[in-house]
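Novice: I have a structure I would like to understand better, so I am pasting it below and will then ask my questions one at a time.
The values are calculated or read from the model by the stated rules, or taken from the named source; none is laboratory data. Here the structure is a predicted model, which is why all the values come from computation and not from measurement. A quick note on method: Cβ atoms are made from the backbone with ideal geometry, for glycine too, and the neighbour counts reach across all protein chains shown.
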Number of protein chains: 2
Amino acid sequence: MATITALNKLVIVGVGLIGGSFALALRKAGLVKHITGVGRSQANMQRAIELGVIDEIATDIASALNGADLVFLAMPVGQTASTLEKIAPHLHANTLVTDAGSTKQDVIAAARHHLSMQNRHHFVPGHPIAGAEHSGVQAAQADLYAHKHVILTPLPETSMAAVERVQQLWQACHAQVSLMPPDEHDRVLAATSHLPHILAFTLMNHLNHSTDDPESLLRFAGSGFRDFTRIASSSPEMWRDICLANREALLTQIEAYQTELNSLRELLKKNDADALEQAFSQARDIREGWLKKKTKD
Amino acid sequence: MATITALNKLVIVGVGLIGGSFALALRKAGLVKHITGVGRSQANMQRAIELGVIDEIATDIASALNGADLVFLAMPVGQTASTLEKIAPHLHANTLVTDAGSTKQDVIAAARHHLSMQNRHHFVPGHPIAGAEHSGVQAAQADLYAHKHVILTPLPETSMAAVERVQQLWQACHAQVSLMPPDEHDRVLAATSHLPHILAFTLMNHLNHSTDDPESLLRFAGSGFRDFTRIASSSPEMWRDICLANREALLTQIEAYQTELNSLRELLKKNDADALEQAFSQARDIREGWLKKKTKD
């Protein structure tokens, strides 16, 4: 790999798990000289300074963006449009912008609306697939992205050089970078991430509504339950935004899942032992095949 | 705690993860002198010998049961009736019998059908909540039950002494023992274990059916997906049996879950951001409350 030039100034908007870990990883790789943080909560920004994640808390957007090589948007995806609107007037012609939103078509629509063509040449929409149910800058870690996938969904007007630069920086965080059309990204993630979150949140609410005493009901829940529901501890605000941003694809997924669940319920109603075993067996085979492939990646 | 007398002879029917781990835990506690294994697969039984899990492979049921203090039934729960039928003619009057089935009403019905009143005095239905997606004797470990719940659901005719003896042995495996009526057990487990398994199996089948190329779809699935679907790698045969044995309670759970999922889908359809965030927030609170309580247990 060619030598990568260090960033003179990185601006991180939303210094939580995702933004903070990107900062720490680039610092560890020696690829950033100065990091400015932009955020809503002064306490959180103070914590980011104390943890050495950022060097400076932005006082205003204009001076934060002054001289920035790269702006990394890592606030909840629902704030993308308003954030782009706020930064657009102060964005220099050659400053790269990338983001970490879990949905991409809405981010691109917002960029089309708020960024000039010149700025869009330098805009590289991205999605690091490295969430965790813990959030906040205190959960940030330099190796969060190691061996994780990062998907970039460039616009037709994004320059090759911009894509390559963002790709190099992610690779320096030891992530595995792929390019994908934004609509495909949103469909794939609706299936493998957004739908499971909906199912896990729904299970917790179902259990809560199914009894007067959820505490007793849950007393004997074991490690299978703990792992199944881990994603139900994710940030409600973040997931509200993701679901709304990817509403159509997610609704399609939920409906198809409901059809599948109905079929399985019918097999159970009919006491169809062979078909049940076959359905479970197929489910297990698909998962085991995936795990094996994943380990090799 | 009073000193516990060691078992002279323990018979384990079904020497897999559950039976094997019970054997290893009691050995480690110095509470068993001789262990005889009964099983379908000669290769598996041979492996159990090599691993030091059992001392002897049963050649026939009559001699296996001869002089046994305790019989532990740990084969898939669907084989309970046929197993009880097979052992009943050879069961001594004072041999304790307990099991590890994930459902209890069907096990009790089978015991009522196949065991004499004398043998039922010594029958203690049980359920250690310590599954894992790995199965087989090679996965057995002496500390599988440490800090795990074991639920006992005695029959009205089960003697107090039998319950106490089985309870002591589980406690010697460092498990936390609770008593519960069998119908309550089956309702609770339908909600917190059987339903999540159904949902996880269904997700894998849905993904498989939603595309011609499940491998590409799954390529970017992350750690949230891995944990959510962990239980979809469970034994198809075992889960077929559990679902059929607890069919009524499970169908009730599936239907109520579907209602809850419909409500959430409607909120998404209506773009109701506040209600979505509240639903996710409530789900997270219930889970976090459970986790906190569990850690204290």
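Novice: Identify all residues within segment B:173-188 that are closer than 17 Å to A:Gly222 by Cα and more than 16 Å from the chain's Cα centre (by Cα); write none if there are none.
Specialist: Residue satisfying the conditions is B:His174 alone.
Novice: Consider A:Glu248 against the criteria (1) more than 8 Å from every other protein chain (Cβ to nearest Cβ); (2) within 28 Å of B:Cys243 (Cβ to Cβ); (3) over 18 Å from the mean Cα position of the chain (by Cα): it satisfies all of them except one. Which criterion is unmet?
Specialist: Unmet for A:Glu248, out of (1) more than 8 Å from every other protein chain (Cβ to nearest Cβ); (2) within 28 Å of B:Cys243 (Cβ to Cβ); (3) over 18 Å from the mean Cα position of the chain (by Cα): (2).
Novice: Next question. Would you call A:Trp170 closer than 21 Å to B:Phe220 by Cα, of a type outside the set (Ser, Thr, Tyr), under 22 Å from the mean Cα position of the chain (by Cα) and at the interface with another protein chain (Cβ under 8 Å from one of its Cβ atoms)?
Specialist: no
Novice: Of all residues in segment A:62-80, which are over 24 Å from the mean Cα position of the chain (by Cα) and of a type outside the set (Gly, Ala, Ser)?
Specialist: A:Asn66, the sole residue that qualifies.
Novice: Also, I was wondering about something else. Would you check which residues across segment A:178-190 are buried (at least 19 other Cβ atoms within 10 Å of the Cβ) and within 15 Å of A:Pro125 (Cβ to Cβ) and list them?
Specialist: A:Pro182, A:His185, A:Asp186, A:Val188, A:Leu189
Novice: Specify which of the listed residues (B:Val97, B:Val107) is aliphatic (A, V, I, L, M), touching a Phe, Trp or Tyr at 6+ places or on another chain (Cβ under 7 Å), more than 14 Å from chain A (Cβ to nearest Cβ) and within 22 Å of B:Ala58 (Cβ to Cβ).
Specialist: After applying the criteria, what remains is B:Val97.
Novice: Can you tell me how many residues in segment B:251-277 are more than 25 Å from the chain's Cα centre (by Cα), within 8 Å of chain A (Cβ to nearest Cβ) and either surrounded by 15 or more Cβ atoms within 10 Å (Cβ to Cβ) or within 19 Å of A:Ser234 (Cα to Cα) (or both)?
Specialist: Of the residues in segment B:251-277, 9 are more than 25 Å from the chain's Cα centre (by Cα), within 8 Å of chain A (Cβ to nearest Cβ) and either surrounded by 15 or more Cβ atoms within 10 Å (Cβ to Cβ) or within 19 Å of A:Ser234 (Cα to Cα) (or both).
Novice: If you check A:Ser223, A:Ser235, A:Ser159, which single one turns out to be buried (at least 19 other Cβ atoms within 10 Å of the Cβ) and over 22 Å from B:Ser216 (Cα atoms)?
Specialist: That would be A:Ser235, the only listed residue that is buried (at least 19 other Cβ atoms within 10 Å of the Cβ) and over 22 Å from B:Ser216 (Cα atoms).
Novice: Check segment A:283-292 and report whether any residue there is free of Cβ contacts under 8 Å to residues at least 60 places away in the same chain, hydrophobic (A, V, I, L, M, F, W, C) and farther than 30 Å from B:Gln79 by Cα.
Specialist: Yes, that holds for at least one residue.
Novice: Taking into account only those residues within segment B:278-292 that are facing another protein chain (nearest Cβ under 7 Å) and of a type in the set (D, E, K, R), which is farthest from A:Met204 (Cα to Cα)?
Specialist: So, considering only residues that are facing another protein chain (nearest Cβ under 7 Å) and of a type in the set (D, E, K, R), the one farthest from A:Met204 (Cα to Cα) is B:Glu288.
Novice: Is there a residue in segment A:150-168 that is under 23 Å from B:Glu277 (Cα atoms), in contact with a helix residue (DSSP H, G or I) (Cβ under 8 Å, 6 or more places away or on another chain) and part of a loop (DSSP other than H, G, I, E, B)?
Specialist: No - not one qualifying residue is present in segment A:150-168.
Novice: Is there a residue in segment A:39-59 that is farther than 25 Å from A:Asp143 by Cβ, modelled with pLDDT under 95 and among the β-branched types (Val, Ile, Thr)?
Specialist: Among the residues of segment A:39-59, at least one is farther than 25 Å from A:Asp143 by Cβ, modelled with pLDDT under 95 and among the β-branched types (Val, Ile, Thr), which makes the answer yes.
Novice: Any residue at all in segment B:191-211 that's in contact with a strand residue (DSSP E or B) (Cβ under 9 Å, 6 or more places away or on another chain), outside the structural domain of B:Ser135 (by TED's automatic domain parsing), surrounded by fewer than 19 Cβ atoms within 10 Å (Cβ to Cβ) and at pLDDT below 95?
Specialist: Checking segment B:191-211: not a single residue is in contact with a strand residue (DSSP E or B) (Cβ under 9 Å, 6 or more places away or on another chain), outside the structural domain of B:Ser135 (by TED's automatic domain parsing), surrounded by fewer than 19 Cβ atoms within 10 Å (Cβ to Cβ) and at pLDDT below 95.
Novice: Does B:Ala25 count as in contact (Cβ under 8 Å) with a residue 60 or more places away in the chain, part of a helix (DSSP H, G or I) and touching a Gly at 6+ places or on another chain (Cβ under 7 Å)?
Specialist: Considered against the rule, which asks whether it is in contact (Cβ under 8 Å) with a residue 60 or more places away in the chain, part of a helix (DSSP H, G or I) and touching a Gly at 6+ places or on another chain (Cβ under 7 Å), B:Ala25 comes out as no.
Novice: Here's a follow-up. State which residue is modelled with the lowest pLDDT when the search covers only segment A:221-245 and only residues that are more than 7 Å from every other protein chain (Cβ to nearest Cβ) and within 22 Å of B:His194 (Cβ to Cβ).
Specialist: A:Ser223
Novice: Name the residues in segment A:31-51 that are over 19 Å from A:Ala68 (Cβ atoms) and without any contact (Cβ under 8 Å) to a residue 40 or more places away in the chain, would you?
Specialist: A:Arg40, A:Ser41, A:Gln42, A:Ala43, A:Gln46, A:Glu50
Novice: Going by what's in this entry, would A:Ala191 be described as out of contact with any Ser or Thr (no Cβ under 6 Å at 6 or more places or on another chain) and either at negative phi or of a type in the set (Gly, Ala, Ser) (or both)?
Specialist: Yes.
Novice: Further question on the same structure: Residue by residue through segment A:171-189, note down the ones that are part of a helix (DSSP H, G or I) and within 21 Å of A:Gln105 (Cα to Cα).
Specialist: Across segment A:171-189, the qualifying residues are A:Pro182, A:Asp183, A:Glu184, A:His185, A:Asp186, A:Arg187, A:Val188, A:Leu189.
Novice: Further, regarding this structure: Scan (1) in contact with a Gly (Cβ under 7 Å, 6 or more places away or on another chain); (2) free of Cβ contacts under 8 Å to residues at least 24 places away in the same chain for the single condition B:Glu164 breaks and write down its number.
Specialist: Checking B:Glu164 against (1) in contact with a Gly (Cβ under 7 Å, 6 or more places away or on another chain); (2) free of Cβ contacts under 8 Å to residues at least 24 places away in the same chain, the one that fails is (1).
Novice: Going residue by residue through segment B:213-220, is there one that turns out to be in contact with a strand residue (DSSP E or B) (Cβ under 9 Å, 6 or more places away or on another chain) and either under 26 Å from B:Leu26 (Cβ atoms) or facing chain A (nearest Cβ under 7 Å) (or both)?
Specialist: Yes.
Novice: Quick check, is A:Leu207 hydrophobic (A, V, I, L, M, F, W, C), farther than 21 Å from B:Gly224 by Cα and either more than 8 Å from chain B (Cβ to nearest Cβ) or over 24 Å from the mean Cα position of the chain (by Cα) (or both)?
Specialist: No: the conditions fail for A:Leu207.
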